[in-house]
């Protein structure tokens, strides 16, 4: 059986020495890695001999160390301080990791690592000097209770894949997370790097401590192999990646899990790159933007359920709709009043329509209601409607919207419904608080 070299002892040492302060840190055995790569906070000093960096595996006589005997190079220490620890990953093809920054932002911190050290792929032996014991890959419990994780798997034949989960890991159970996605960075079929949001599977993630699974049978890690089983539950608009997700077991070379301490409220959105969604902070205001928003619905042209959209929108204290049209316009609406599917308008002076990306080259702009009594409503047969038809999400047939903006909202841009682009919707997401 292949042997795996784990970083488990690193966290175990931290727990023993630090005594486990649950009151000041998130609920994770790995919480001590947050403040520094040294879990206990020892004073750093220069290593006395040439050794390998714990993060990037580079050998150098310029490494820093501490009483934990964990070594780190100056480059990885600076990247950690700059919130760029994905580039300290031990997986190959590091140039591909820049896609993860585009899709999921920066600020990631290492949480878990396991590497094949004996037997290897094709008999190759991989020598590692991590200060950790060798043993089976059965310590995923270290990730329990940690929110916002990114799992990266390097496997044979140049395969580099993984998954994103916003809700906490929970060993022994499956979790639902509409924000979840899987991604492909490299493969042997010359398919371009791409990420795929989950759209048709209620089971976003499950773990029994030794094995993990994204999206039911989507991407599975079992023992020392990864299986790309099926992409049916994910939004693969091109249809090309089905050939890659064919059920073949591929031996794992490295597997790593990173986590994010202060994620954007809308991290995991498939509507636009994460940096574009930062524009919502200015439009919504900091207090609304920083609410603990949860994605409650995601739909795409190929995967749309009007009944699920209705259910997701009803009765929520606050509601935010994000839409991307087929020609790339990104826009949406916000209301602070609960919606009931009876066709009655809610009176909401704080309601907003907004544009983030549009064909008119108007910068991110919000639009307030000119008549607060007609701010928003939820018909019994459609998606939410803002104003008297300023923006209406259709609930039957193809996923579309209609607009006669400005009707009940003030258009300070003077561009009208042209801001929203094509009436055909590519993606729609609903967030609730």
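The values are calculated or read from the model by the stated rules, or taken from the named source; none is laboratory data. Small disclaimer: the values here were computed from a predicted structure and weren't measured. With ideal geometry, Cβ positions are generated from the backbone for all residues, glycine too; neighbour counts draw on all protein chains shown.
Among the residues of the stretch 276-309, write down those that are over 21 Å from residue 425 (Cβ atoms) and either outside the structural domain of residue 353 (by TED's automatic domain parsing) or touching a helix residue (DSSP H, G or I) at 6+ places or on another chain (Cβ under 6 Å) (or both).
Of everything in the stretch 276-309, those that are over 21 Å from residue 425 (Cβ atoms) and either outside the structural domain of residue 353 (by TED's automatic domain parsing) or touching a helix residue (DSSP H, G or I) at 6+ places or on another chain (Cβ under 6 Å) (or both) turn out to be 281, 289.
Does residue 217 satisfy the condition of being surrounded by fewer than 21 Cβ atoms within 10 Å (Cβ to Cβ), within 19 Å of residue 165 (Cβ to Cβ), in contact with a helix residue (DSSP H, G or I) (Cβ under 9 Å, 6 or more places away or on another chain) and assigned by TED's automatic domain parsing to the domain that holds residue 165?
no
Given the criteria closer than 15 Å to residue 430 by Cα, outside any loop (DSSP other than H, G, I, E, B) and under 25 Å from the mean Cα position of the chain (by Cα), does residue 401 qualify?
Numbers: closer than 15 Å to residue 430 by Cα: yes; outside any loop (DSSP other than H, G, I, E, B): yes; under 25 Å from the mean Cα position of the chain (by Cα): no.
For residue 401, the condition - closer than 15 Å to residue 430 by Cα, outside any loop (DSSP other than H, G, I, E, B) and under 25 Å from the mean Cα position of the chain (by Cα) - is not met.
For the stretch 327-382, enumerate the residues that are in contact (Cβ under 8 Å) with a residue 60 or more places away in the chain, closer than 17 Å to residue 429 by Cα and in a strand (DSSP E or B).
331, 352, 354, 355, 356, 357
If you take the residues of the stretch 222-240 that are crowded, with 21+ Cβ neighbours inside 10 Å and modelled with pLDDT of 90 or more, which of them is nearest to residue 143 (Cα to Cα)?
Only one residue fits best here, namely 226.
Out of everything in the stretch 293-307 that is modelled with pLDDT under 90 and part of a loop (DSSP other than H, G, I, E, B), what residue ends up being farthest from residue 196 (Cα to Cα)?
305
Is at least one residue of the stretch 154-164 crowded, with 22+ Cβ neighbours inside 10 Å, closer than 19 Å to residue 266 by Cα and in the same structural domain as residue 238 (by TED's automatic domain parsing)?
yes
Regarding the stretch 273-290, can at least one residue be identified that is crowded, with 18+ Cβ neighbours inside 10 Å, out of contact with any strand residue (DSSP E or B) (no Cβ under 6 Å at 6 or more places or on another chain) and at pLDDT below 90?
Of the stretch 273-290, the ones crowded, with 18+ Cβ neighbours inside 10 Å are 274, 277, 279-280, 283-284, 288-289.
When the remaining residues are screened for being out of contact with any strand residue (DSSP E or B) (no Cβ under 6 Å at 6 or more places or on another chain), the result is 274, 277, 280, 284, 288-289.
Of the ones still in play, those that are also at pLDDT below 90 are 274.
Within the stretch 273-290, one or more residues are crowded, with 18+ Cβ neighbours inside 10 Å, out of contact with any strand residue (DSSP E or B) (no Cβ under 6 Å at 6 or more places or on another chain) and at pLDDT below 90.
Mind listing just one residue for me: the one in the stretch 86-120 that is at pLDDT below 65 and not in a strand (DSSP E or B) and, of those, farthest from residue 278 (Cα to Cα)?
119
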